[in-house]
Amino acid sequence: MSGARDVPLRRLRVLRPTDTFTDRLWVLRKRWRLLLRLSLATSVAFFIATELLGHQQAFFAPIAAVIVLIAGAGLRGRTLVELVGGVAIGVLVGELLVLGIGRGPLQMALIVVLAVVVSTLVGLKGLALTQAANSSVLLAAVIPVAGSGNPAVTRFLDALVGGVVGLATVLLIPRNPVRDIDREVQRILRSLSTILQRLAQAVRTVDASLAESQLEQSREMTPQVEAMTSTAANVSEIARMSPMRWRQRDHVQTYVATVRDLDNAVRDVRVLARRLAAMLRFGERPPTGLDLAMDQMARAIEIFADDLSEHHDFEEAREALVEAARLASTALTDRITLNSATIAAQIRSLAADLLYASGFTRDEVDDRLDFGFK
């Protein structure tokens, strides 16, 4: 694999307390787009709220922009709705109570509790619930400037302005969705290919400890799968909503469609490694040719990764995957045990999941893998 697939692993880490100042500078440089969005969105939101709407205490407009900008991947549109909905409930409850009972410590307690109660009863949760509580607190604690208008109305409008501006900057200054999802998917495919190559080596050398280490490696892939899933949600949102990325929608969708199947593929390799480790640990001799099947699967995954990245038709990858499953089936003619049959079945399952990821239907997968597993 080459090009984007050869990104050093160092580039894929998040910052840790042990990172050097140079590492932090590198991460900061990669965040230029976020910094640009934050500076632009907060200034524009504040300008609209103060200059165009005439709000004298328009602090929540830039705050709302920041909340939307840093929302979880794929959640910005929903975050905007939750933000505005939560603010609306909070200001409604807070304003009505402030008008009736005034401001003070005891009133603050009652206002917050009732805001949360009402929000819960109408079905708000998460960010919306938090914003309802925050809005009621601010209305109870902040005394409006004389002539600044109704604080309930201004807070609601500020939330709407800030949220819309934040979302707009994401869509007008978007990341490259194909590059982002390719990076996460390629990490997983590289890891799977490497694990399979080492498992094949464990078969050849009858090395149980090597198989055990690859089992641990497969278990440690869970954060990679979670990152891939999160990124898939994010790039789907960007490709769907940003006019600047509409031309990439088909390629993004090809990636996103593979996410569930790649998750299953990771599970397949984990089970495969577990059974191989057990086989070698108990002194069971692996069937002849099982290592060839694993090596072939590792090569097939690399071809699949290339086809996916380059938006090819997957035909070469499909042939390679079928060949890996065939080699696993052939290896069983030497000796069939519970472990060897399970390993061969997992190689077939891995081939099937990647064939599904390539766009094959269930019937097409069954037809191509119809040998020795009836």
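The values are calculated or read from the model by the stated rules, or taken from the named source; none is laboratory data. Computed from a predicted model, the values in this text were never measured in an experiment. Here Cβ is always computed from backbone atoms with ideal geometry, including for glycine, and neighbour counts include all displayed protein chains.
Are there any pairs with C-beta distances below 7 angstrom linking a residue in segment 158-170 that is under 10 Å from Ala61 (Cβ atoms) to a residue that is not in a helix (DSSP H, G or I), with the two at least 6 apart or on different chains, and if so which?
From residues that are under 10 Å from Ala61 (Cβ atoms), the pairs are Asp158/His55; Asp158/Ala58.
Residue under question is Ala351, and the condition is that it be of a type in the set (A, V, I, L, M, F, W, C), closer than 17 Å to Thr254 by Cα and not in a loop (DSSP other than H, G, I, E, B); does it hold?
Details: of a type in the set (A, V, I, L, M, F, W, C): yes; closer than 17 Å to Thr254 by Cα: no; not in a loop (DSSP other than H, G, I, E, B): yes.
So Ala351 fails the test.
Report yes if some residue within segment 92-113 is in a helix (DSSP H, G or I), in contact with a Ser or Thr (Cβ under 7 Å, 6 or more places away or on another chain), surrounded by fewer than 24 Cβ atoms within 10 Å (Cβ to Cβ) and at pLDDT 85 or above; otherwise report no. Outline the logic, then answer.
Within segment 92-113, the subset in a helix (DSSP H, G or I) is 92-101, 105-113.
Then keep just the ones that are in contact with a Ser or Thr (Cβ under 7 Å, 6 or more places away or on another chain); that gives 93-94, 111-112.
From what is left, the residues that are surrounded by fewer than 24 Cβ atoms within 10 Å (Cβ to Cβ) are 112.
Narrowing further to those that are at pLDDT 85 or above: 112.
There is at least one residue in segment 92-113 that is in a helix (DSSP H, G or I), in contact with a Ser or Thr (Cβ under 7 Å, 6 or more places away or on another chain), surrounded by fewer than 24 Cβ atoms within 10 Å (Cβ to Cβ) and at pLDDT 85 or above.
Every residue, every condition in (1) closer than 17 Å to Ala324 by Cβ; (2) without any contact (Cβ under 8 Å) to a residue 12 or more places away in the chain; (3) not assigned by TED's automatic domain parsing to the domain that holds Gln346, yes or no:
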| position | (1), (2), (3) |
| --- | --- |
| Ala200 | yes, no, no |
| Val206 | no, no, no |
| Glu216 | no, yes, no |
| Pro243 | no, no, no |
| Thr258 | no, no, no |
| Gly289 | yes, no, no |
| Leu292 | yes, no, no |
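Look through segment 294-304, keep the residues that are crowded, with 24+ Cβ neighbours inside 10 Å and in contact (Cβ under 8 Å) with a residue 60 or more places away in the chain, and return whichever of them is farthest from Leu327 (Cα to Cα).
Checking each candidate, the answer is Phe304.
Condition first: more than 26 Å from the chain's Cα centre (by Cα) and surrounded by fewer than 16 Cβ atoms within 10 Å (Cβ to Cβ). Now tell me which residues in segment 19-46 satisfy that.
Once the filter is applied, which keeps residues that are more than 26 Å from the chain's Cα centre (by Cα) and surrounded by fewer than 16 Cβ atoms within 10 Å (Cβ to Cβ), segment 19-46 yields Thr20, Phe21, Thr22, Ser43.
Taking segment 330-355 as the search range and keeping residues that are in contact with a Lys or Arg (Cβ under 8 Å, 6 or more places away or on another chain) and surrounded by 19 or more Cβ atoms within 10 Å (Cβ to Cβ), which one is farthest from Leu262 (Cα to Cα)?
Restricting attention to segment 330-355, the residues satisfying the condition of being in contact with a Lys or Arg (Cβ under 8 Å, 6 or more places away or on another chain) are 335, 339, 342-343, 346, 355.
When the remaining residues are screened for being surrounded by 19 or more Cβ atoms within 10 Å (Cβ to Cβ), the result is 339, 343, 346, 355.
Working: Asn339: 24, Ile343: 18, Gln346: 14, Leu355: 10 Å.
The residue in question is Asn339.
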